[in-house]
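Here the structure is laid out as structure tokens; the discussion comes afterwards.
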Amino acid sequence: SAGMAASGQFQYGRRSLLMGDPVTATGYFQAVADTNPNYVNVIQNYRENVWTYLGRSLYEAKRYEEARKALERALALDRDDQLAKLYLGLTLIQTGERSRGLKEIESGMKGLYDWIEYMNRTQPHQAFWDPSFHIRKQIDQTLASVSAKDSDPQQLLADAEWVGKTFEEELDKVRDDERRQFQRDMDRQRGFGIGVGIGF
């Protein structure tokens, strides 16, 4: 079906993006956006639409004007897409709109920080987000340099890019941790059932 095809293309695109091949990723995401413009990827309750991913891969490929259009479209569909805000901010800085770019980066980073805190607070029985605090520490540092007047612009871009990429990787880590936890629980229950049976 068309939905299955879009899902497959999307996953190829996401894998390419995470492996540092934005050109290949752009081709896949563009194909999904053309056929299924409302496609949304949900991992561990975090929603990102295909335009966010297309914008991010275009950004990584240094096609900033096209990246901006895709990311603005992503935010028109979902104003709470924090990664779209972060990458729109990066794109705006790359195209010379520094002050608006910093605002978007700040907003996106605060949103990601709040998301991690919210998930850990409301779903403590599930896998823990950012257990080593790497992402939140980097967000704090980057937010501090956003407000500092004398911050190094290249360092700021590199730090914000790191947060975006690492948060995306964290989605997979949390999902995998949760699967392992679920498997352990199932094994424990099975073991318990067998033990009880033998006891009688």
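The values are calculated or read from the model by the stated rules, or taken from the named source; none is laboratory data. Computed from a prediction, not measured in an experiment: that's the story for all the values here. Neighbour counts are summed over all protein chains in view; Cβ atoms, including those assigned to glycine, are modelled from backbone coordinates with ideal geometry. The protein model used for the area step is the full one, side chains on, heavy atoms only, and it has no ligands, DNA or RNA in it. Shrake-Rupley method; radii C 1.70, N 1.55, O 1.52, S 1.80 Å.
In table form, for the structure just shown:
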| read-out | value |
| --- | --- |
| Qualifying residue in the range 38-55 (condition: of a type outside the set (Asp, Glu), under 24 Å from Leu156 (Cβ atoms) and touching a Gly at 6+ places or on another chain (Cβ under 7 Å)) | yes |
| Some residue of the range 184-197 being modelled with pLDDT of 95 or more and in a helix (DSSP H, G or I) | no |
| Residue among Leu92, Leu71, Leu75, Leu112 that is open to solvent by less than 50 Å² (accessible area, probe 1.4 Å) and either over 18 Å from the mean Cα position of the chain (by Cα) or among the aromatic types (Phe, Trp, Tyr) (or both) | Leu92 |
| Meets criteria (outside any helix (DSSP H, G or I), open to solvent by less than 60 Å² (accessible area, probe 1.4 Å), in contact (Cβ under 8 Å) with a residue 24 or more places away in the chain and in contact with an Asp or Glu (Cβ under 6 Å, 6 or more places away or on another chain)) for Ala127 | yes |
| Qualifying positions in the range 131-146 - of a type in the set (S, T, N, Q) and open to solvent by 30 Å² or more (accessible area, probe 1.4 Å) | Ser132, Gln138, Gln141 |
| Among the candidates Lys149, Lys103, residue that is open to solvent by 80 Å² or more (accessible area, probe 1.4 Å) and at pLDDT 95 or above | Lys103 |
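Rundown of residues vs (1) modelled with pLDDT of 95 or more; (2) farther than 30 Å from Pro153 by Cα; (3) in contact with a helix residue (DSSP H, G or I) (Cβ under 6 Å, 6 or more places away or on another chain), yes/no style:
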residue	(1), (2), (3)
Gln11	no, yes, no
Lys62	yes, no, no
Leu71	yes, no, yes
Leu86	yes, no, yes
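Each row is one residue, and each column tells you yes or no for (1) open to solvent by 50 Å² or more (accessible area, probe 1.4 Å); (2) among the small types (Gly, Ala, Ser); (3) modelled with pLDDT of 95 or more.
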{"residue": "Gln30", "(1), (2), (3)": "yes, no, yes"}
{"residue": "Leu54", "(1), (2), (3)": "no, no, yes"}
{"residue": "Ser57", "(1), (2), (3)": "no, yes, yes"}
{"residue": "Ser107", "(1), (2), (3)": "no, yes, yes"}
